[in-house]
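The values are calculated or read from the model by the stated rules, or taken from the named source; none is laboratory data. What you see is a predicted model, and the numbers here were worked out from it, not measured in a lab. When we count neighbours, we look across all protein chains shown, and the Cβ atoms used for this are built from the backbone with ideal geometry, even at glycine. Note: accessible area is taken over every heavy atom of the protein model, side chains too, but ligands, DNA and RNA are not part of it. Shrake-Rupley method; radii C 1.70, N 1.55, O 1.52, S 1.80 Å.
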Amino acid sequence: MAELSLTGIAKSFEDTRVLEGISFDVHDAEFVSILGPSGSGKSTIFNLIGGLYQPDEGDIKLDGESIAGKRGSISYMPQSPSLFPWRTLLDNVMLGSEIVGQQDREASLQMIEKAGLGGYENAYPHQLSGGMKQRAAFIRSLLSPQPLICLDEPFSALDEFTRLEMQKWLLSLWSEYKRSVLFVTHNIEEALFLSDRVMVLSDRPARVKKEFKIPFERPRDESLLLTEEFLEWKKAIYNELRMIT
Amino acid sequence: MRNIVQKGWRPLLVIILLFVIWEVATRVFEIPAWLIPSPSQVVDEGISGWSVYEHHLYSTILLTLIGFIIGTSFGILVAICLHLIPTVRNMFYPLIIFSQNIPIIVLAPLLVIWFGFGMLPKLIVITLVCFFPIAVSTLDGLRQTSTELMHYMKMAGASNGQIFWKLEWPHALPSLFSGLKISATYSVMGAVISEWLGAKEGIGVYMTLASSSFRTDRVFVSIFVIMALSLTFFLLITALEKWFIRWKSKGVENSG
């Protein structure tokens, strides 16, 4: 069970107001995306949830307990894979759970197999392709015991083909493990394709400008990307974003 | 191995050529042996005089090893302390740099005045020589930890101890080893210098005795022995490095 709720979060760095009155929830087993122009403070939201900073105002709650300024309550996948070059794939994948102190070698090996990385358990990151590194980084966050996963633009560095491949892969793994996911992106299509809800942020200082509930049935596949309905949604969100900038 | 043979023959050829020129020159110009001995004479002395300098060599190896171990552990320890306590780093970093600027040759006689002719002043000299490269390279290695990985560790809720042992320390290892390689060669030099100060045995003693009695061939023998010792030491550290940092890519990054 994981219920994340942010209420009235505000944060400034020096004199610039970055976030202003950010409130939203992520329900159990829900996939929520935050969409916003670059530099709109998306990463700041993550750093606040991760407990790297204290919010100036407001509170962050996970399952009813305040986690503002408390580290280690979420599992995290950064923009770059951030694998440790001196660890093998298996050791890298187990790092998240190792930090919390609960390692499960068997489960990790199984997950690697399921993620299509079987046979690479003992490979070092420099021997893996970009897509494989991203998969490893995602498995690492899945294997961490925390109930909420935060993904920070994980596919932004990949090419178009690999990205779609990875999105489908992510959906299939997610539908199996059903964790709560908070996903940050600046790609409208990606947000639409993956999410249950999309939150559009305004320009600085960031507020939640509009919330879209995405009605597409799951499981979703790529044919969805070309349907009339999908394009309508894309247009609606695009117009929302254009009004910001 | 084939790679070494393929790449190694050119520099080897140059070295052999130099020795040939040296040998021929000493014969053609009839240079007296006390001035510059020919390579063949040096090799002769190196083989036949083995029993003369054997115990000197062992003594120097022992001194170098002890000094190296003390010097590098001290350097690593200081680097870790300075890294973990930033205010201390700001206070002491300039001092470390100053320590490198002390001319050892000048300091050495002072150490003898203070500590006599025993082991202690010699170990201090070697420690001083080893300390700087290892401390600075370790400190740099620790400081240049990738910010991305650091951010991940913090977001994942790692404690400071976990950040140090799982991230910063392994990240600093390659840098630490480059420091070790420099320290290893320096430590041999430090040992020889410290033996000049006054010692019962050691390559440094053998060398001073040889030069004061115009046994130039023996001086050359000691030069080559010191070189060989440094090189062996260097290769040992390189082998250790290869084993410890076997995860390192061999220059080919897979980006696809």
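Structure summary
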read-out	value
Neighbourhood net charge (15 Å Cβ-Cβ; Lys/Arg +1, Asp/Glu -1) for residue A:235	-2
The range B:38-244 - Kirkwood radius from inverse mean 1/r over Cα pairs (Å)	18.8 Å
Dipole magnitude of the protein assembly as shown about its Cα centre (Cβ charges: Lys, Arg +1; Asp, Glu -1), debye to nearest 20	1060 debye
Antiparallel bridge percentage (DSSP; both residues within the protein assembly as shown; nearest 5)	50 percent
Cα long-axis angle, helix B:104-115 against chain B (0 to 90 degrees, to the nearest 10)	90 degrees
In order through the range A:224-235: 3J(HN,Hα) via Karplus (6.51 cos²θ - 1.76 cosθ + 1.60), integer Hz, x for Gly, Pro	4, 4, 10, 6, 4, 4, 4, 5, 4, 4, 4, 4
Total lysine pairs under 25 Å (Cα atoms) in the range B:38-244, excluding pairs fewer than 8 apart on one chain	6
From phi via Karplus (6.51, -1.76, 1.60), per-residue ³J(HN,Hα) for the range B:61-68 in Hz, x at Gly/Pro	4, 4, 4, 4, 4, 4, x, 4
5 angstrom amide H check on residue A:210, placed H, neighbours 5+ away	A:200
Relative contact order, percent, the range B:38-244 [alpha-carbon distance under 8 Å, six or more residues apart]	31 percent
Whole-number D in µm²/s for the range A:1-133 (Stokes-Einstein; Kirkwood sum over Cα pairs; 37 °C, 0.692 mPa s)	193 µm²/s
Shielding by other protein chains, A:133-141, mean Cβ within 10 Å	1
Percentage relative contact order, the range A:34-182, counting C-alpha pairs under 8 Å, at least six apart	26 percent
Whole-number accessible area per residue in Å² for the protein assembly as shown, which is evaluated in the context of all protein chains at 1.4 Å	50 Å²
Interface size B-A, as summed buried accessible area [1.4 Å probe, Å², nearest 100]	2400 Å²
Of A:11/A:178; A:11/A:235; A:133/B:248; A:213/A:234; A:133/A:168; A:168/A:209, pairs whose Cα-Cα distance is over 20 Å	A:11/A:178; A:11/A:235; A:168/A:209
Computed E for residue B:196/residue B:243 - FRET, C-beta separation, R0 51 angstrom, nearest 0.05	0.90
The range A:82-145 - percent of accessible surface contributed by carbon and sulfur, probe 1.4 Å	42 percent
Separation of the residue B:43 and residue A:113 label points, Cα + 7 Å toward Cβ, nm	6.3 nm
Gain in span if fully extended, residue B:159 to residue B:106, counting 0.36 nm per residue against the direct Cα distance	14.4 nm
Pairwise FRET efficiency - residue A:52 versus residue B:50, Cβ, R0 = 56 Å, nearest 0.05	0.30
Positive-end extreme of charge dipole, chain B - chosen from B:24, B:153, B:164 (charges on Cβ)	B:153
Amide hydrogen neighbours beyond the local backbone of residue A:180, cut-off 5 Å, H modeled	A:29, A:30, A:149
Kirkwood-based shape ratio for the protein assembly as shown, expressed as Rg/Rh from alpha carbons	1.16
Dipole magnitude of chain B about its Cα centre (Cβ charges: Lys, Arg +1; Asp, Glu -1), debye to nearest 20	720 debye
For the range B:221-226, Karplus couplings with θ = phi - 60° (6.51, -1.76, 1.60), whole Hz, Gly/Pro x	4, 5, 4, 5, 4, 4
Pair residue A:12, residue B:16: separation of 7 Å Cα→Cβ label points (nm)	7.7 nm
Neighbouring partner chain Cβ atoms per residue of A:82-93, average, 10 Å criterion	4
Peptide B:154-167, shielding by other chains (average Cβ, 10 Å cutoff)	6
Chain B: angle of helix B:2-28 to the longest principal axis, Cα-based, in degrees nearest 10	30 degrees
Angle between chain B longest axis and helix B:119-143 axis [Cα atoms, degrees, rounded to 10]	40 degrees
Expected 222 nm ellipticity per residue - DSSP helices of 4 or more, -39500 (n - 2.57), all of the protein assembly as shown, to 500	-19000 deg cm²/dmol
Using a Förster distance of 35 Å, the FRET efficiency for residue B:85-residue A:104 (Cβ separation, nearest 0.05)	0.45
